[in-house]
Amino acid sequence: MRHLIDFADMTNEEWYDLYALAKDIMARPLDYKDALRGRVMASLFYEPSTRTNFSFQTAMLKLGGGVFGFVDANTSSVSKGEKLKDTITMCSTYADVIVMRTPVEGMSKAASLYSRAPLINAGDGGHFHPTQTLADLTAITERRGSLENMTVGLCGDLKYGRTVHSLVRALSRFPGNRFVLISPKALAAPQYLLDFLREKGIEYRETESLEEAIPELDILYMTRVQRERFDDPAEYERLKNVYVLTASMLAPAKKNMTVLHPLPRVDEIAMDVDGDERACYFRQAECGLYIRMALLLTLVRGGKFEPEHIPPETRPHRCHNPKCITRKEPYIPILEEDGRCGYCEAEL
Ligand code: CP
C-alpha cells in the first residue's frame, strides 16, 4: 500500500513526474474529467481547513470521482469513542483513497498502518503538511523553472508551522539551497529540523529580523502564528503580530523574489503586498488543486511510491511528546527511526 505521509515518501523523480502530470492537467483539464470515474475519496478532516479540504474535494470531482467524509469528527462515531484503528479500517473498505487532516502529530502515519487504501496526510498537528509542500514546489517551479540554488527565507511561526517543516526537508533534497530561518526565539524551528539540516550539511542561519534578511532572499515564505497550537493564549497575543510584511518592505528585495504563504493569512502580509508582482500566494493555492489532482490520480491508480516499511516491533518506551498520536491512542505500536519517534519525530 502506498501512502503520502511525508514528502520523503516520494523520490525526486516521482516529484518531477507528478509536476509534469499536474502541468498536463492544467493544459488539458477536460481530458481528465473521467479519469477516476467510479472511484471514491474519503475526506476525514478532524481540524478546520479551507484550501486543503476544498481543493482535494474539487480535485476528486474534476477527475470524475466521488467524495464522502466529515469536516467535524463529532458528526461521526469518533464522538462515541471509536478508535482511530476502527474508523480507518472501515473508511478504507468504502473508499479508494483517504485524505486526512488531524490536530494530532503522527496521526496520519498511525492511520496508514490500518488503511487498506492509499492514505494522504493533509496536515498532522504541528508536524507535516506534505501536500502543501507539493503546492509550494509547484508554484516555485512555475516561477523559477527549478528548485535548486535558492536562498529561502522562512518567516514567522517556525515552531508550530508544519508547512515550514515539510518544505525545508523537501527543498533540502535539491542542490544549492540555503535557508534563512526568521523567527522570534519563542517560535524558533524545532531542534529536530535544525539537526536534520546540520546532519545533511545544508547551510542555514537563524535571525529575528525580517528586514535584515529580505535583500538576500530568492523565496520569502511567510507564515501565520498558529494560534490553535498554543497552550497559553497570552503567549499567542504577545507573538501574533511579530512580523507584518508590507509593500514598502519589499523595496530592497530582489526584483524576481517570490513571496509565498500557505494561507490562511491573518495580518502577517498586508493587503498592499497582493498587487506586487512578487506576491505568489494565491497562485500557490491554485497550484494546490492541480498537484492534488495529479497525486490522487497517481495513488488511486497504484502509483510508484515506495511502500512504507513498518517494522512490527513494539518497544517498552513511549514517545515523550504529549501531542503525539501514541499518547492519545496507546495501542498504536511504537516505531523508532534513528532514535526518534516514527510518527512525530520527537527524540525517544
Ligand atoms: N494551507 C492550508 O493548509 O490551508 P487550509 O488550512 O485552509 O487547508
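Only residues that are within 16 Å of the ligand (Cβ to nearest atom) and charged (D, E, K, R): list them for region 61-79, please. Asp72, the sole residue that qualifies. Just one of Glu277, Glu306 is farther than 25 Å from Pro190 by Cβ, modelled with pLDDT of 90 or more and in a loop (DSSP other than H, G, I, E, B); which is it? Only one candidate passes the filter, namely Glu277. Of the residues in region 155-167, at least one is more than 22 Å from Leu44 (Cβ to Cβ) and assigned to a helix (DSSP H, G or I). Taking (1) surrounded by fewer than 23 Cβ atoms within 10 Å (Cβ to Cβ); (2) under 21 Å from Pro330 (Cα atoms); (3) in contact with a strand residue (DSSP E or B) (Cβ under 8 Å, 6 or more places away or on another chain) in turn, Thr89 satisfies each apart from (3).
Scanning region 22-60 for residues that are away from the ligand (no atom under 15 Å from the Cβ) and either more than 24 Å from Thr138 (Cα to Cα) or among the β-branched types (Val, Ile, Thr) (or both), we see that the one that is surrounded by the most Cβ atoms within 10 Å (Cβ to Cβ) is Ala42. Within region 212-238, the set of residues being at pLDDT below 90, closer than 23 Å to Ala270 by Cα and open to solvent by 50 Å² or more (accessible area, probe 1.4 Å) comprises Arg227, Glu228, Glu235, Glu237, Arg238. Of the residues making up region 200-211, those that are surrounded by fewer than 18 Cβ atoms within 10 Å (Cβ to Cβ) and either in contact with an Asp or Glu (Cβ under 8 Å, 6 or more places away or on another chain) or within 27 Å of Pro264 (Cβ to Cβ) (or both) are Glu206, Thr207, Glu208, Ser209, Glu211. Within region 133-164, the set of residues being within 16 Å of the ligand (Cβ to nearest atom) and open to solvent by 10 Å² or more (accessible area, probe 1.4 Å) comprises Tyr160, Arg162, Thr163.
Could you say whether any residue in region 96-108 is more than 24 Å from Asp232 (Cα to Cα) and either within 13 Å of the ligand (Cβ to nearest atom) or out of contact with any strand residue (DSSP E or B) (no Cβ under 6 Å at 6 or more places or on another chain) (or both)? Yes, the conditions are met somewhere in region 96-108. Restricting attention to region 92-116, the residues that are touching a helix residue (DSSP H, G or I) at 6+ places or on another chain (Cβ under 9 Å), within 17 Å of Gly66 (Cβ to Cβ) and surrounded by 24 or more Cβ atoms within 10 Å (Cβ to Cβ) add up to 3.
The values are calculated or read from the model by the stated rules, or taken from the named source; none is laboratory data. These numbers come from a predicted model, not from an experiment. As a convention, Cβ positions derive from the backbone with ideal geometry for all residues, glycine included, and neighbour counts pool all protein chains shown. The area values use the complete protein model at the heavy-atom level, side chains included, leaving out ligands, DNA and RNA. Shrake-Rupley method; radii C 1.70, N 1.55, O 1.52, S 1.80 Å.
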